[in-house]
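Structure first, commentary second.
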Amino acid sequence: MSSIHSFPPIASTDAQVLILGSMPGRESLRVAQYYAHPRNAFWPIIGELLGFDPAQPYPMRCRQLVEADIALWDVLASCRRSSSLDADIDAASVAANDFGAFFRSHPHIRRVYFNGAMAEQSFRKHVLPGLADPTLQYQRLPSTSPAHAALSYPQKLAAWRVVVAGMPCSSAVAR
């Protein structure tokens, strides 16, 4: 089991929303792109919510997030994991990203959404005890991973609509 490391955040200083995963999967790590597994629903959902083609090149998808004032990152900076599954993360190897510094450099973020249960659990255990910002709102969303088959794509999309709720119409076109 080797140590793996997450990517830098995709974010502008004007970001208002932060979406957090736990740790990139094997395919994402291989190509150095968030949510690269072809069956992961993240980009199709975000594309539908923001009104862009999720098949466009990765840099363009990232730019769409930034222009919509949505930041994307992972809770974990590093860990050991034997597969792409969150359940296979070695709990003793977990190191969280520096969220204190992140929130100081992204002061407009008020809403944090977790892409699945592991992202939320990891944040609450490894990050939240050290944060002192009572204005942040947190909400877990259903995982976009193909391993989370309990919900259909339309059900996941409906739950994820909260990400664009309340955002200016220029940022969120599809509601």
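The values are calculated or read from the model by the stated rules, or taken from the named source; none is laboratory data. Computed from a prediction, not measured in an experiment: that's the story for all the values here. Positions of Cβ are generated from backbone atoms using ideal geometry, with glycine treated the same way; all protein chains shown enter the neighbour counts.
Regarding segment 52-75, can at least one residue be identified that is touching a Ser or Thr at 6+ places or on another chain (Cβ under 9 Å) and among the hydroxyl-bearing types (Ser, Thr, Tyr)?
No: zero hits.
Looking at Ala159, Ala147, can you tell me which residue is at pLDDT below 90, surrounded by 12 or more Cβ atoms within 10 Å (Cβ to Cβ), closer than 20 Å to Ser22 by Cβ and not aromatic (Phe, Trp, Tyr)? Step through it out loud before you land on a result.
Values: Ala159 fails: at pLDDT below 90.
After ruling out the rest, the residue left standing is Ala147.
Hey, can you tell me all the residues within segment 92-107 that are part of a loop (DSSP other than H, G, I, E, B) and under 17 Å from the mean Cα position of the chain (by Cα)?
Asn97, Asp98, His106
Going through segment 17-32 one residue at a time, which ones are under 29 Å from Ser82 (Cα atoms) and within 12 Å of the chain's Cα centre (by Cα)?
The first filter runs over segment 17-32 and keeps only residues under 29 Å from Ser82 (Cα atoms), leaving 18-32.
Selection gives Leu18, Ile19, Leu20, Gly21, Ser22, Met23, Pro24.
When Ile70 is evaluated against the numbered criteria (1) surrounded by 14 or more Cβ atoms within 10 Å (Cβ to Cβ); (2) free of Cβ contacts under 8 Å to residues at least 60 places away in the same chain, which criterion, by number, is the only one it fails?
With (1) surrounded by 14 or more Cβ atoms within 10 Å (Cβ to Cβ); (2) free of Cβ contacts under 8 Å to residues at least 60 places away in the same chain applied to Ile70, the lone miss is (2).
Whether any residue in segment 93-114 is buried (at least 16 other Cβ atoms within 10 Å of the Cβ), modelled with pLDDT under 95 and among the β-branched types (Val, Ile, Thr) is what I want to check.
yes
Which numbered condition trips up Leu65, out of (1) in a helix (DSSP H, G or I); (2) closer than 27 Å to Ser152 by Cα; (3) modelled with pLDDT under 95?
The number of the failed condition is (3).
Check segment 46-54 and report whether any residue there is in contact (Cβ under 8 Å) with a residue 40 or more places away in the chain and in contact with a Gly (Cβ under 8 Å, 6 or more places away or on another chain).
no
Here is a list: Pro8, Pro44, Pro24, Pro38. Which entry is assigned to a loop (DSSP other than H, G, I, E, B) and either touching a helix residue (DSSP H, G or I) at 6+ places or on another chain (Cβ under 8 Å) or farther than 25 Å from Leu136 by Cα (or both)?
Pro38
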